[in-house]
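The values are calculated or read from the model by the stated rules, or taken from the named source; none is laboratory data. Source: prediction; values computed, not measured. With ideal geometry, Cβ positions are generated from the backbone for all residues, glycine too; neighbour counts draw on all protein chains shown. What goes into the accessible areas is simple: the full protein's heavy atoms, side chains included, and nothing from ligands, DNA or RNA. Shrake-Rupley method; radii C 1.70, N 1.55, O 1.52, S 1.80 Å.
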Amino acid sequence: MRWSVRHTLVAAILLVVLLVASVFFFLQRQPGSLQLQQAVLLTNPLPLHDFELWDQHRQRVTREDLKGQWHLLSYGFTYCPDICPMTLAKLSRFQLELEQQQQYADIQLLFYTVDPARDTPEVLQQYLTFFAADIRGLVAIDGSEKHKNFEQTLAILYEAGAADASDPMAYQVDHGVLLYLLNPKAELQAVFTPVSRVGAVPDFDPELLFQDYLAIRSFLQ
């Protein structure tokens with residue numbers, strides 16, 4: 001997948017905004033009270049706006065459906081050759097480790113596709129079977145604009161490239177690489193950022209993700 005420099009810069013700006021929103025709180029606490037390695041905690045969680053999506057079973061999903069449970073959301077598309085399957089595989093490992101440790105395992109994984117033209121609910125259902133057993137796929141409803149609130153609240157970044165003249169379904173999609181932690185009130189509680197290495201695509205370290213998640217849950221409790 002082609003990684004957009006512009007998307008990287010916009011994502012970085014978003015993270016700065018999130019960090020500034022939290023800095024006053026951190027200044028009021030003793031240093032070392034919360035040490036995060038790949039995450040930015042929002043001490044004033046951001047409520048999701050009303051939205052309607054489909055899951056991979058063509059069941060409607062709204063903000064109300066996300067209440068009452070923690071969620072960890074990733075986004076991308078099923079035709080992605082590297083970042084998306086790699087992230088989902090590591091999230092599956094993250095979930096397995098939580099279950100083994102039996103610590104704050106009350107969380108569901110979500111995957112939102114930014115390519116609804118190709119990623120129908122049926123395609124999502126087949127694709128997600130390769131990863132965590134209970135991961136829930138999310139996709140825009142055909143002919144509806146109600147997914148836009150979901151994308152705008154979370155500042156989900158993506159851009160579809162030009163289609164091949166001989167095959168209108170052959171195109172690339174550039175997208176950001178972030179994970180969103182949603183609390184049981186359907187609010188954005190934290191954002192996880194990938195590890196960037198020279199010459200490599202952005203990636204998540206499952207162990208750092210695991211440690212940050214536990215730290216956030218323990219801190220908020």
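Structure above, values below:
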{"quantity": "Some residue of the stretch 91-113 being in a loop (DSSP other than H, G, I, E, B), of a type in the set (D, E, K, R) and farther than 27 Å from residue 41 by Cα", "calculated": "no"}
{"quantity": "Residue 219 vs. criteria in contact with a helix residue (DSSP H, G or I) (Cβ under 7 Å, 6 or more places away or on another chain) and of a type outside the set (S, T, N, Q)", "calculated": "no"}
{"quantity": "Residue list for the stretch 142-156, filter: in a loop (DSSP other than H, G, I, E, B), within 16 Å of the chain's Cα centre (by Cα) and not β-branched (Val, Ile, Thr)", "calculated": "147, 155"}
{"quantity": "Residue satisfying all of: in the stretch 191-221; touching an Asp or Glu at 6+ places or on another chain (Cβ under 8 Å) and among the aliphatic types (A, V, I, L, M); nearest to residue 73 (Cα to Cα) among these", "calculated": "195"}
{"quantity": "Breaking point among (1) part of a loop (DSSP other than H, G, I, E, B); (2) open to solvent by 20 Å² or more (accessible area, probe 1.4 Å); (3) modelled with pLDDT under 90, for residue 132", "calculated": "(2)"}
{"quantity": "Residues of the stretch 118-129 that turn out to be part of a loop (DSSP other than H, G, I, E, B) and either touching a residue at least 40 places away in the same chain (Cβ under 8 Å) or basic (Lys, Arg) (or both), as a count", "calculated": "2"}
{"quantity": "Leading residue by the ranking (most open to solvent (accessible area, probe 1.4 Å)) among those in the stretch 97-117 that are in contact (Cβ under 8 Å) with a residue 12 or more places away in the chain and more than 29 Å from residue 149 (Cβ to Cβ)", "calculated": "103"}
{"quantity": "Residues of the stretch 200-217 that turn out to be in contact (Cβ under 8 Å) with a residue 12 or more places away in the chain and part of a helix (DSSP H, G or I), as a count", "calculated": "11"}
{"quantity": "Identity of the residue in the stretch 181-199, in a loop (DSSP other than H, G, I, E, B), of a type outside the set (S, T, N, Q) and out of contact with any Leu (no Cβ under 7 Å at 6 or more places or on another chain), that ends up most open to solvent (accessible area, probe 1.4 Å)", "calculated": "198"}
{"quantity": "Residues satisfying the stated conditions in the stretch 75-95, i.e. open to solvent by 50 Å² or more (accessible area, probe 1.4 Å), within 20 Å of residue 208 (Cβ to Cβ) and either modelled with pLDDT under 90 or in contact with a Phe, Trp or Tyr (Cβ under 6 Å, 6 or more places away or on another chain) (or both)", "calculated": "90"}
{"quantity": "Residue list for the stretch 51-91, filter: under 15 Å from residue 203 (Cβ atoms) and among the polar types (S, T, N, Q)", "calculated": "74, 87"}
{"quantity": "Condition met for residue 159 (surrounded by fewer than 21 Cβ atoms within 10 Å (Cβ to Cβ), in contact (Cβ under 8 Å) with a residue 60 or more places away in the chain and not in a helix (DSSP H, G or I))", "calculated": "yes"}
